[in-house]
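Read-outs: derived from the displayed coordinates by stated rules, not from any lab. Note that the coordinates shown come from a computational prediction; the quantities given were computed from them, not determined experimentally. Using ideal geometry, Cβ is built from the backbone for each residue, glycine included, and neighbour counts are taken over all protein chains shown.
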Ligand SMILES: [Zn+2]
Ligand SMILES: [Zn+2]
Ligand SMILES: [Zn+2]
């Protein structure tokens, strides 16, 4: 019997297939199956020519997907037959870089188990080396300067490989074969502990051990990590945490904590299986967990908060540092108040000097900043609050390809941008609040970087309708400027929220959408934020909304919830609010001033925002009159909810209005009856849940729809989210919520892109 004829295929693999050990994997596979040919990287991904007997080749092609390396995300494998070449071996070809780029870049990934073993093995040549990595782990997005992903296109370009690292890099059987950031203590970056004058300090000669000693003595250290500088202090050290808070000008906003290991996490918090999965994933987000009452933490870590943001180490440096300290440390963004996280050494030296007692830093440059990601687990599923390090720039799939290349400029707070090409939506890392020069620069530079990396030249630019957002101005300037052939599209803020939820779920609608939000510019020029709409990706129609009330003093009403209480009382009591409440006595003469301002109708834009209604109630029951971070009053109101309270306040639907005044009067009656604030908070939540569910059901009945999408910043409130979902589900409706992008304004840019792509599809 003669041997079966050999066949040859040209195989193209796309997805995240570069920088993740794909070529050595293919090489190994070829050896195993007796296949000859070659594998190489190019701008579109991985290209393979494989030759062997037909059965082996079939297995080979199947395994490319089914056995792909840990960090790979294979999207497509296509094979076309070509004439046999008669190779005698399987080789790895050098990278090519011509033609259009369409390769993907992996997110930064937590240190893998193999590297951790070596890190702790005294016999290994990388023992305690704080920059150990391999093809299965380490820095990616934050060090990539260009594509294709090769060492010269990373911030490792300046570190020449030593002989031992070179050998590993070129050995197809080695875990570090073509691992671009590979290095060791002989050839790679070095760590230093320096004082605020830039002078090396420390007794032991080991910067990690010295830094741990400093932290244990109560110092605040700036630590250069993966996507920027953190500020660190021992989480159980009262003075250190208080000093960090004071110097950073951060009054109440909770700090996140880095725990040495899972055992330490269990001592701080309660966690379930789904939370454990998120916490230990290679993306290593901060997970908001239920904190134990007896957790050993300085009170200033997360004042007045039932939950705690916790993460596990994700770089060798963090592993070594937190192990050396032997206790959880606060690890918070290295910045002053609302500025973006510092990521350049020179910047750190000046900006962080007033906060840090010393710097644990190194000489591997960070090319792009990436803050830690934050999520909560709701009903067994992750709900991102910030999608950044560990996730960006991996694309989100668009269920329908964008006909033209699109840029979504996002909103203003928690800003992100989103670029889309074909089926890929590249949602940016967290940029921050677009209200100062630093953040704006980070926004514009980030867009340029993404355009280059993913070879996107947007023909369609989408912006919010708010004329004062810097993101809107950026979009308008593009068209005023020299950029030719760019078309602009304005998308209403809450339509974008619902569209982001649709895109998150791979759907196009129409659905009934409930957008509960802070404030967003409405289609009628007023400020919206409590909207029940019928929406598809293409369009929306407002069906119900919270009754609008004046926002006394505009922006200042957002920072001072007591002003919203005054406004809501006036509406609830038809212009004649009660004058015997504690909140009035507490606020004295400024209360009278605000009532006068409301009468004058000057500087009092109208808003239907649910977020502002929550603010008003928080102030009315004495939780908070002024906030020092976004959403604080509403967050603290949620924290107070007496979870087993069954009652809810009544609220009417009247025409297209959701009557908030009903809720406010019920709150006032309970305040007068001296009902406990936790019970009032619960009855208010239950009342809001009930009226929103009724509005959504009415909208469904009128339109014949049976799916409801929930989005907007107020849905970060888990009590509200879970109870609205439950009410709708028990009414037989299907509920869509967020699990890939945040429900807050960080998701707006994706929603904008989804709307633009859908409209483009409808007209092209
Ligand atoms: Zn590794
Ligand atoms: Zn080396
Ligand atoms: Zn919003």
(request) Report the calculated FRET efficiency for residue 347 and residue 479 (r = Cβ-Cβ distance, R0 = 30 Å), to the nearest 0.05. (result) 0.40
(message) Can you show me the helix-derived [θ] at 222 nm for the chain, built from DSSP H runs with n ≥ 4 at -39,500 (n - 2.57) apiece and divided by the number of residues, rounded to the nearest 500.
(response) -10500 deg cm²/dmol
(request) With r as the distance between the Cβ atoms of residue 657 and residue 762 and R0 = 22 Å, compute the FRET efficiency 1/(1 + (r/R0)^6) and round to 0.05. (result) 0.10
(request) Compute the label zone of residue 82 within the range 16-41: residues whose backbone N is under 13 Å from the point 7 Å along Cα-to-Cβ. (result) 37-41
(request) Using the number of other C-beta atoms within 10 angstrom as an exposure proxy, rank 507, 394, 654 with the fewest first. (result) 654, 507, 394
(request) For residue 32 and residue 251, calculate 0.36 nm times their separation in residues minus their Cα-Cα distance, and state this gained length in nm to one decimal. (result) 72.8 nm
(request) Kindly express, to the nearest 10 degrees and within the range 0 to 90, the angle between helix 238-248's C-alpha long axis and the longest C-alpha principal axis of the chain. (result) 80
(request) Could you give the C-alpha radius of gyration of the range 252-372 expressed as a fraction of 2.2 N^0.38 Å, taking N as the number of residues it contains? (result) 1.10
(message) What does DSSP give for the chain in terms of the percent of beta bridges that are antiparallel, rounded to the nearest 5?
(response) 75
(request) Quick one: order 556, 500 by neighbouring beta-carbon count within 10 Å, fewest to most. (result) 556, 500
(request) Quick one: pull the percentage of alpha-carbon pairs in the range 1-42 with a separation above 12 Å. (result) 67
(message) Under a crude label model (7 Å from the Cα following the beta-carbon direction), how far is residue 673 from residue 239 in nanometres?
(response) 5.1
(request) Return the ratio Rg/(2.2 N^0.38 Å) for the range 1-86, where Rg is computed over Cα atoms only. (result) 1.04
(request) Please determine, in degrees from 0 to 90 and to the nearest 10, the orientation of helix 748-763 with respect to the longest principal axis defined by the Cα atoms of the chain, where the helix direction is its Cα long axis. (result) 80
(message) Relative contact order for the range 231-329: what percent, with Cα pairs under 8 Å and sequence separation of 6 or more?
(response) 42
(message) Taking a virtual spin label 7 Å from the Cα of residue 206 along the C-beta vector, which residues in the range 261-285 bring their backbone nitrogen under 20 Å of it?
(response) 261
(request) Take the alpha carbon gyration tensor of the range 642-714, find the square roots of its eigenvalues, order them as a ≥ b ≥ c, and report rounded if a/c is under 1.5; if not, report prolate when a/b exceeds b/c, else oblate. (result) prolate
(message) Across the range 62-164, what fraction of all alpha-carbon pairs, as a whole percent, falls in each successive 5 Å bin from zero upward?
(response) 2, 9, 13, 17, 20, 16, 11, 7, 3, 1, 0
(message) As a footprinting exposure proxy, order 14, 763 by other Cβ within 10 Å, with the fewest listed first.
(response) 763, 14
(request) Report the label-to-label distance for residue 487 and residue 113 in nanometres (one decimal), using points 7 Å from each Cα along the Cα→Cβ vector. (result) 5.2
(message) Need one number: nm distance between label points at residue 400 and residue 601, each 7 Å from Cα along Cα→Cβ, rounded to one decimal.
(response) 4.3
(message) Need the full-extension length gain, residue 582 to residue 75, defined as separation in residues times 0.36 nm minus the C-alpha distance. One decimal, nm.
(response) 176.5 nm
(request) Can you tell me the relative contact order of the chain? Whole percent, Cα pairs under 8 Å, sequence separation 6 or more. (result) 11
(request) Quick one: grab the alpha carbon gyration tensor of the range 516-610, order the square roots of its eigenvalues as a ≥ b ≥ c, and give me rounded if a/c is under 1.5, else prolate or oblate depending on whether a/b is larger than b/c. (result) prolate
(message) Please compute the length gained on full extension between residue 274 and residue 524, using 0.36 nm multiplied by the number of residues separating them and subtracting their Cα-Cα distance.
(response) 85.8 nm
(request) Round to the nearest 0.05 the FRET efficiency obtained for residue 146 and residue 5 when R0 = 35 Å and r is the Cβ-Cβ distance. (result) 0.20
(message) Students often get this wrong: which residues of the range 432-453 have the backbone nitrogen under 16 Å from the point 7 angstrom along Cα-to-C-beta of residue 336?
(response) 436-439
(message) Give me Rg/Rg_expected for the chain, where Rg uses Cα atoms only and Rg_expected = 2.2 N^0.38 Å with N residues.
(response) 1.01
(message) Just to confirm the number: angle between the C-alpha axis of helix 582-600 and the first principal axis of the chain, 0 to 90 degrees, nearest 10?
(response) 90
(request) Please work out whether the range 470-584 counts as rounded, prolate or oblate from its C-alpha gyration tensor, where a ≥ b ≥ c are the square roots of the eigenvalues and a/c under 1.5 means rounded, while otherwise a/b larger than b/c means prolate and anything else oblate? (result) oblate
